[in-house]
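Chemist: The structure follows.
The values are calculated or read from the model by the stated rules, or taken from the named source; none is laboratory data. Computed from a predicted structure; not experimentally measured. Cβ placement follows ideal geometry from the backbone for every residue including glycine, while neighbour counts extend to all protein chains displayed. Ligands, DNA and RNA are excluded from the accessible area calculation, which covers all protein heavy atoms including side chains. Shrake-Rupley method; radii C 1.70, N 1.55, O 1.52, S 1.80 Å.
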Amino acid sequence: MQILDTNVENKIWPLFRLGFRVFFLGGALFSAMAMLLWILTLSGVDALPGVRNPIWWHAHEMLFGFALAIIAGFVTTAMQNWTGVPGIKSWPLAIVAGLWLLPRLLMPLRGELNGLVIAMDLLWLPIVAGMLARPIFKTKQWRNLFFVPLFVFFTLLNALSYYAAINGQWLLSERVFITAVLAISALITVMGGRVFPFFTARATNTPKITPLVWLEKLSLVSIWLSAFAWLLLPRSSVANVLLALLLLVSAIAHFIRLARWNYQVTTGVPLLWILYLGYLFIPLGLLGLAAALLNVGVSISLASHWLTAGALGAVVLGMIARVSLGHSGRKLEITRAMVVAFVFIILAALTRSLLPMLVPSITMQAYHMSATFWIAAYGVFCWVYWPILSQPRADGHPG
């Protein structure tokens, strides 16, 4: 069976042998290119000739283009380990990746209102959901079933974002985007609880932290409720206060959760400390959104970037660096270039989320600095990991 699997595997282009390969590399490369287009647009260059609302494009593409590509790559790969059923590969994976990529390439030229762009972009996530459902139902591993409705939920949010763009409803767009940000942050907290303590114990030869059931429930339920409440609650003063309190409770719970994860032993392991630093931006972002709802000196946009430029940028970079090594049959050891990339992504987060708060007069310069650090961080990843992700596993095994 191993010989047969290897023979079949050798006929598949390595980039399409598992979801993490094409989506990690494609998502990282796209994020760097999209950020470059964003810098050019902020500088007055007509880099998005078909786009009517560049701010909508930037938010949409970094969430539904970049972040969900990484999530799709991670989950489709992890599902193979969780269920024992071979993951999506070969031409089905190539088709899904193509449906993800084409809207990314066409939107700057054809615009966010183009019917073909919208149709393709609303198609690839449900297909991923269906591909995830098959091994779950086959093995009856209902614990992982929530990923299927989650991808359907992201599809609905994506559709709603296009509806808002077509009708010029920016407030609805913002509501959808912040909901997506909170949902992605919530997913990071779910996966973080599953793997961060395990990664730490294994890499540092320390005992794995036993989770507190009440804390796990409080932290996860509160952040998921925050996401749905942001989408559904009216924007009244009473609702804003209630949502702010929920965000505050969630922030405190995640501060406590992070503090229990034995982060002190990770300082000498870059593949660990980048995850913990990234996770730290989640409670900070939740506090920022609570403050924004209460009009306490922080805008919603600025607060949300603690979660996007901060948590999303850092945790994703750390996870794809680690997962790519493990699933390509390599030791979990990174180069100095990747350590520099980790520093760059933290600087990107701080210059985008903190610098405009401290020195509002240089906000535009902060945007440019942050985007430049982001491009450098993910550019280094693409440079270091291109041969790893585009070539067969180092140990000769399938995958």
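Chemist: If a residue has to be in contact (Cβ under 8 Å) with a residue 12 or more places away in the chain, over 19 Å from Leu284 (Cα atoms) and of a type in the set (Val, Ile, Thr) to count, how many in the range 344-390 make the cut?
Modeler: 5
Chemist: Could you grab me the full set of residues in the range 123-135 that are without any contact (Cβ under 8 Å) to a residue 24 or more places away in the chain and either open to solvent by 30 Å² or more (accessible area, probe 1.4 Å) or within 20 Å of Ile12 (Cα to Cα) (or both)?
Modeler: Gly130
Chemist: Okay, next question. Just for the range 44-54: of the residues that are open to solvent by 40 Å² or more (accessible area, probe 1.4 Å) and touching a residue at least 40 places away in the same chain (Cβ under 8 Å), which one is farthest from Ile118 (Cα to Cα)?
Modeler: Pro49
Chemist: May I ask you to say which residue of Val51, Val85 is in a loop (DSSP other than H, G, I, E, B) and more than 24 Å from Leu15 (Cα to Cα)?
Modeler: Working: Val85 fails: more than 24 Å from Leu15 (Cα to Cα).
Unique residue meeting the criteria: Val51.
Yes/no per residue for (1) closer than 30 Å to Asp46 by Cβ; (2) surrounded by 15 or more Cβ atoms within 10 Å (Cβ to Cβ):
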{"residue": "Gln80", "(1), (2)": "no, yes"}
{"residue": "Pro103", "(1), (2)": "yes, yes"}
{"residue": "Ile118", "(1), (2)": "yes, yes"}
{"residue": "Asp121", "(1), (2)": "yes, yes"}
{"residue": "Thr139", "(1), (2)": "no, no"}
{"residue": "Leu145", "(1), (2)": "no, no"}
{"residue": "Pro149", "(1), (2)": "no, no"}
{"residue": "Gly168", "(1), (2)": "yes, no"}
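Chemist: In addition: Of the residues Ser353, Ser299, which is surrounded by fewer than 24 Cβ atoms within 10 Å (Cβ to Cβ) and either of a type in the set (Gly, Ala, Ser) or within 15 Å of the chain's Cα centre (by Cα) (or both)?
Modeler: Result of the check over Ser353, Ser299: Ser299.
Chemist: Related question: All but one of (1) open to solvent by 10 Å² or more (accessible area, probe 1.4 Å); (2) in contact with a Gly (Cβ under 9 Å, 6 or more places away or on another chain); (3) under 16 Å from His327 (Cα atoms); (4) in contact (Cβ under 8 Å) with a residue 12 or more places away in the chain hold for Gly84; state the number of the condition that does not hold.
Modeler: Evaluating Gly84 over (1) open to solvent by 10 Å² or more (accessible area, probe 1.4 Å); (2) in contact with a Gly (Cβ under 9 Å, 6 or more places away or on another chain); (3) under 16 Å from His327 (Cα atoms); (4) in contact (Cβ under 8 Å) with a residue 12 or more places away in the chain leaves (2) as the failure.
Chemist: For the condition of a type outside the set (Val, Ile, Thr), within 17 Å of Ser353 (Cα to Cα) and touching a Ser or Thr at 6+ places or on another chain (Cβ under 9 Å), what is the one hit in Tyr279, Tyr263?
Modeler: Going through Tyr279, Tyr263 in turn, just one is of a type outside the set (Val, Ile, Thr), within 17 Å of Ser353 (Cα to Cα) and touching a Ser or Thr at 6+ places or on another chain (Cβ under 9 Å): Tyr279.
Chemist: Looking at Leu289, Leu302, Leu312 in this structure, which one is farther than 15 Å from Phe255 by Cα, touching a Pro at 6+ places or on another chain (Cβ under 9 Å) and part of a helix (DSSP H, G or I)?
Modeler: Checking each option against the conditions leaves just Leu302.
Chemist: Just give me the residues in the range 356-382 being β-branched (Val, Ile, Thr) and open to solvent by 50 Å² or more (accessible area, probe 1.4 Å), in sequence order.
Modeler: Of everything in the range 356-382, those that are β-branched (Val, Ile, Thr) and open to solvent by 50 Å² or more (accessible area, probe 1.4 Å) turn out to be Val359, Ile362, Thr372.
Chemist: Taking the options Ala337, Ala321, name whichever one is assigned to a helix (DSSP H, G or I) and within 23 Å of Phe64 (Cα to Cα).
Modeler: Matching residue, one of Ala337, Ala321: Ala321.
Chemist: Just for the range 15-30: of the residues that are open to solvent by 10 Å² or more (accessible area, probe 1.4 Å) and in contact with a Lys or Arg (Cβ under 7 Å, 6 or more places away or on another chain), which one is farthest from Ile388 (Cα to Cα)?
Modeler: Phe30
Chemist: While we're looking at this one, here's another question. Would you point out which residue out of Leu280, Leu284, Leu289, Leu225 is at pLDDT 95 or above, within 28 Å of Ala59 (Cα to Cα) and open to solvent by 70 Å² or more (accessible area, probe 1.4 Å)?
Modeler: None of the others qualify; the one that does is Leu225.
Chemist: Mind checking which residues of the range 161-203 are in contact with a Ser or Thr (Cβ under 7 Å, 6 or more places away or on another chain) and at pLDDT below 95?
Modeler: Thr200
Chemist: Show the residue pairs that are 6+ apart or on different chains and have beta-carbon atoms under 9 Å apart, the first residue being within the range 179-194 and under 18 Å from Arg143 (Cα atoms) and open to solvent by 10 Å² or more (accessible area, probe 1.4 Å), the second being in a helix (DSSP H, G or I) and of a type in the set (Gly, Ala, Ser).
Modeler: The qualifying pairs are Ile188/Gly278; Ile188/Ala311; Met191/Ala78; Gly193/Ser219.
Chemist: Are there any pairs, at least 6 apart or on different chains, whose C-beta atoms fall under 6 Å, with the first in the range 92-105 and within 13 Å of Trp13 (Cβ to Cβ) and the second at pLDDT 95 or above, and if so, which?
Modeler: These pairs meet every condition: Ala97/Val22.
Chemist: Filter the range 228-247 down to the residues that are open to solvent by 40 Å² or more (accessible area, probe 1.4 Å) and among the hydrophobic types (A, V, I, L, M, F, W, C), then identify the one that is nearest to the chain's Cα centre (by Cα). Please lay out each step first, then the result.
Modeler: Here is the first cut: in the range 228-247, the ones open to solvent by 40 Å² or more (accessible area, probe 1.4 Å) are 228, 232-238, 241-242, 245-246.
Filter again for among the hydrophobic types (A, V, I, L, M, F, W, C), leaving 228, 232-233, 238, 241-242, 245-246.
Details: Phe228: 18, Leu232: 23, Leu233: 25, Val238: 31, Val241: 28, Leu242: 27, Leu245: 25, Leu246: 23 Å.
Looking at residues that are open to solvent by 40 Å² or more (accessible area, probe 1.4 Å) and among the hydrophobic types (A, V, I, L, M, F, W, C), I get Phe228.
Chemist: Would you call Thr155 open to solvent by less than 40 Å² (accessible area, probe 1.4 Å), touching a Pro at 6+ places or on another chain (Cβ under 6 Å), at pLDDT 95 or above and part of a helix (DSSP H, G or I)? Can you show your working first?
Modeler: Numbers: open to solvent by less than 40 Å² (accessible area, probe 1.4 Å): yes; touching a Pro at 6+ places or on another chain (Cβ under 6 Å): yes; at pLDDT 95 or above: yes; part of a helix (DSSP H, G or I): yes.
Criteria met by Thr155.
Chemist: Suppose we filter Leu116, Leu25, Leu29 for residues that are assigned to a helix (DSSP H, G or I), in contact with a Cys (Cβ under 6 Å, 6 or more places away or on another chain), of a type outside the set (Gly, Ala, Ser) and farther than 19 Å from Pro149 by Cα; which single one remains? Outline the logic, then answer.
Modeler: Details: Leu116 fails: in contact with a Cys (Cβ under 6 Å, 6 or more places away or on another chain); Leu25 fails: in contact with a Cys (Cβ under 6 Å, 6 or more places away or on another chain).
Only one candidate qualifies: Leu29.
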